[in-house]
Structures are given as structure tokens and as C-alpha cells.
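The structure appears below as C-alpha cells.
Bear in mind that the values in this text are calculations on the coordinates, not laboratory data. Remember, predicted model here, so these are calculated numbers, not experimental data. Backbone-built Cβ (ideal geometry, glycine too); neighbour counts: all protein chains shown.
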Amino acid sequence: MAYENGNWRWDLFQNLLWWNILLRIAALKGSKASMNRDCVGWSQGKDNEFTIKSAYTIRIGGSPDLHDPIWKRIHHYRGIQRIKIFMWLACQGKLMSNDEMARRHFTSDTGCFVCTNGTETIDHVLMYCPPALAIWNDLIKNDKLHEFFNLDFRDWIGQNITTGAGFAKNQHDWDLLFVAIIWNLWCFLNSVVFYNEDMYNGSILNQSCHLAGIIQ
Ligand SMILES: [Zn+2]
């Protein structure tokens, strides 16, 4: 990057950097031939090597929480890919509930479109909104209801897609039915919001049992 006398070889890098950075470099003397070889490097990488991982970490403002077991649980979930991505987005808080839409300034109304009672967060839609409550109250053991409804959202997903969570009255293929239900609850909300109608001719639970049977 510099001649033997320490003057910068501007032709090699001046078109790669912003002018304010070039001014800062101009205030410095380049390395001389007697010093170690100088080269372009990526300061965030090991041995100044560029890696996608380090760039991604900078882009998201820190290291992703890779140690949360929920990501492995979703990755190893035996259901179909589309629903695995749905769960991943839900656990990332990226699904476009009204609460998330308001956070992104797409709307000023955070209310639930279905029950008009409470903020439409993703856990409200999948856990506490009346259509969801009716299903969970029907399927979850009475002595497990309190624990079921008081889990952190990621734990709630993670425990229910791990066989043996022990919440359901009928544990047989509970992981499949649970995910089919939350998927259909989300689709139900979208059908009401975007088509102004309930596209579910049967109940959400019946649709979910059917879907769980298909993806088994
Ligand atoms: Zn609601």
C-alpha cells in the first residue's frame, strides 16, 4: 500500500474508501520497506481475514443468541419446512402482528384484529386470543394450564415441539398437532385481516388435526 519511502500508493485504494477516511490516512506515514509488509485487512476477522460471520455480527449489532436451545429444537423439528420457518420467525419476533407492524411504523393501531381486546402481539395471537384459548383449554391438562400459559414464548414453542412436554391430555404426536394449531391460528388471523372473512369452513382444531395427519 506504500512505496519504499513510506509514501502511500493512492492508486491502489483511493477509489475503495470514503474521502474522510482517505484524509485520515493522508495524515499518517505509510510503512517503509524495512517494516512488515502492509496490506488491506478486515479488522473484525481473525488474522485480518474477512468472514461473512463477522460482517453479519456487525450488521445485527452483536452476536446472535446461538446458544438458545430453541434454534436447535426448531432445526430438528420433524414437521415441514414452511412451518419450521414460521416458528423461526415467530421466535425471532419477526411475524407481522399489529404490534410488530406498529414498531416498524406501518400502522398506529396495535389492537388485535380478531378480538379487539388487547395488543396483537404474536404470543397474544397464538396463546391468549379467544380462538387460541378455546383450543388450548380443550386440549391441555387442567393441572398444566397455569404452567402452559405462563411460559416464556420461546420456551412455550420449544417445550411443545419436544416430545414429552406433558402438557396435552393426549400426548400422541402432540408436537405435530401443536404446530399445526399455531400455524392455523396464524393463517386464520391473516384470512380475517386480508380477506375480511373466516376462510375456515371447519374449526381451526379440525383443520389442524387434518394437517397434523398429513405431515406425520
Ligand atoms: Zn385477540
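So what's the net charge close to Gly118: Lys and Arg +1, Asp and Glu -1, counting the other residues with Cβ under 14 Å from its Cβ?
Values: positive: none; negative: Asp99, Asp109, Glu120, Asp123.
Result for the neighbourhood of Gly118: -4.
Treat the count of other C-beta atoms within 10 Å as a stand-in for reagent exposure and order Leu176, Leu145 from fewest to most. Don't skip to the end; give the middle numbers.
Numbers: Leu176 24, Leu145 13.
Going from least to most buried by this count: Leu145, Leu176.
For the Cα atoms of the chain, what angle does the longest principal axis make with the long axis of helix 81-92, in degrees from 0 to 90, nearest 10?
The answer is roughly 70 degrees.
Note down the net charge around Arg73, summing +1 for each Lys or Arg and -1 for each Asp or Glu among other residues with Cβ under 13 Å from its Cβ. Show your work: numbers first, answer last.
Numbers: positive: Lys72, Arg78, Lys84, Arg154; negative: Asp68, Asp155, Asp175.
Within the 13 Å Cβ shell, the charges total +1.
Using the 10 angstrom Cβ neighbour count as an exposure proxy, how do Tyr128, Tyr77 rank, fewest first? Walk me through the intermediate numbers first.
On the way: Tyr128 16, Tyr77 20.
Placing the least packed residue first, the sequence is Tyr128, Tyr77.
If you line up the long axis of helix 130-139 against the longest principal axis of the chain, both from Cα atoms, how many degrees apart are they, to the nearest 10?
For helix 130-139, the angle is close to 70 degrees.
Please express the shape of the chain as an equivalent ellipsoid: the semi-axes are the square roots of 5 times the eigenvalues of the C-alpha gyration tensor, given largest first in whole angstrom. Please list the in-between numbers first.
Values: eigenvalues 565, 87, 41 Å².
So the three semi-axes of the chain are 53, 21, 14 Å.
Give me the percent relative contact order of segment 69-215, please, defined on Cα pairs under 8 angstrom at least 6 residues apart.
Numbers: 148 pairs, mean separation 31.1, N = 147.
Computed over segment 69-215, the figure is 21 percent.
I'd like the orientation of helix 204-215 relative to the chain: the angle between its Cα long axis and the longest Cα principal axis, in ° from 0 to 90, rounded to 10.
60
Quote the convex hull volume per residue of segment 1-128, based on C-alpha atoms, as a whole number of Å³. Write down the numbers at each step before the final one.
Values: hull volume 24.3 nm³, N = 128.
About 190 Å³ per residue, rounded to a whole number.
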